[in-house]
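Here is the structure we will look at.
Where a number appears in this text, it was derived from the coordinates with a stated rule and is not lab data. Values in this document were obtained by computation on a predicted structure and should not be read as measured data. Please note: Cβ atoms are built from the backbone with ideal geometry, for glycine as well, and neighbour counts cover all protein chains shown.
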Amino acid sequence: MNDFNIISRDIINSLNKTKRDRRLRKNKNIIKLVSEVNLNINNFIYPLFIKRFGENEEISSMKGIFRISIDNLLKEVNECLNLGIRNFILFGVEDRKDKFGKYAYDQDSIVVKSIDLLKKEFKDDILLFADVCLCEYTDSGHCGVVDINNYVDNDLTLGLLGKAAVAYAQAGVDFVAPSSNMDFQVAYIRKLLDKLGYYNVGIMAYSAKFNSVFYSPFREAADSAPKFGDRSSYQISPLSPKQAINRILKDIEEGADIVMVKPALAYLDIIYQAKQLIKTPLAAYNVSGEYAMIKNVSNFIDEEKLILEILLSIKRSGADIIISYFTKSLPYLIQKYL
Ligand code: PBG
């Protein structure tokens, strides 16, 4: 034992101790001074599920997130504004479904009405994004129109996505967010908007959108699960990261103003790679399953710290913008911990 003590001491004394990393961790102030990432509410977009009438209802797979009745929408957004949240993405929860997803673009569409209502009230105090997809509106639950072989018809769907994009633009949306994974959806919508004079309406493209089980709670929330089959003939396989990177580059060429990786957490590699390659703003969608997962472990892990650590990982990977159901807790969490 004596031998051990002598040997140990000799080694410790012989180490080159000029550089001590722990100087930069001595107290909270120095830790904050050298911090390289941060979370800022300005970079967050809050998703809103909007229903036609009735009371707000909590989504059972997403505790703390509600389907907001259109009658309560102004109140909800006011509450967010008071928290410093100004960016929103809208999803309609629609019970009137048909083959062509008519209520995605009809003048009686929940999203059209919501945009109209919100923009009349809040004007440029809020930045509004509208998801452009058919899955909440088709009786098949697919993101496009299915043909007799139950295959989603790409080019027929494009026309309907275009109708939705134009309806939202007309109602005053700031950005449309095509999310149905149809080929050429960005090029087509950009050209259409430009031709109709909506050149100031931007496109946030769901570019690297993977075929993921993490969307399950969303599909309950928006009643948008496919009635048969799955989305593997249009969403990107998790086995094929190059397709995702390619799609990001192509969407930028096709005119996307913001490109997105979705989901975020299981695809941090894609966020990181995209960040190195592009100069276009990069968004990451911290999706419903990521939200639900955190909510379900909070009996065992400190939920507040878990949320922050996960959001920081998304930021560190390279996301400029984060779409997250945690946005409403963020002002409090930032104030408390960062
Ligand atoms: C519409 C759409 C989906 C999500 C956003 N837009 C569902 C899907 O593609 O199945 C998922 C968002 C989330 O899980 O939070 N296509």
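Can you tell which of Asn200, Asn211 is more than 20 Å from Leu311 (Cβ to Cβ), out of contact with any strand residue (DSSP E or B) (no Cβ under 8 Å at 6 or more places or on another chain) and either more than 16 Å from the ligand (Cβ to nearest atom) or in contact (Cβ under 8 Å) with a residue 12 or more places away in the chain (or both)?
Asn200
Every condition in (1) aliphatic (A, V, I, L, M); (2) within 12 Å of the ligand (Cβ to nearest atom); (3) under 18 Å from Ala187 (Cβ atoms) is met by Ala225 except one, and the failing one is (3).
Scanning the range 226-237 for residues that are in contact with a helix residue (DSSP H, G or I) (Cβ under 9 Å, 6 or more places away or on another chain), over 19 Å from Leu282 (Cβ atoms) and either part of a helix (DSSP H, G or I) or of a type outside the set (S, T, N, Q) (or both) returns Pro226, Arg231, Tyr234. Residues that are among the hydrophobic types (A, V, I, L, M, F, W, C), more than 13 Å from the ligand (Cβ to nearest atom), surrounded by 15 or more Cβ atoms within 10 Å (Cβ to Cβ) and part of a loop (DSSP other than H, G, I, E, B) within the range 250-302 comprise Ala256, Ile278, listed in sequence order.
Listed by position, the strands (runs of 3 or more DSSP E) contained in the range 1-112 that have at least 2 residues being touching a residue at least 12 places away in the same chain (Cβ under 8 Å) are 44-51, 62-69, 87-93. Regarding Ser237, is this residue more than 12 Å from the ligand (Cβ to nearest atom), of a type in the set (Ser, Thr, Tyr) and surrounded by fewer than 17 Cβ atoms within 10 Å (Cβ to Cβ)? Spelling it out, Ser237 is indeed more than 12 Å from the ligand (Cβ to nearest atom), of a type in the set (Ser, Thr, Tyr) and surrounded by fewer than 17 Cβ atoms within 10 Å (Cβ to Cβ).
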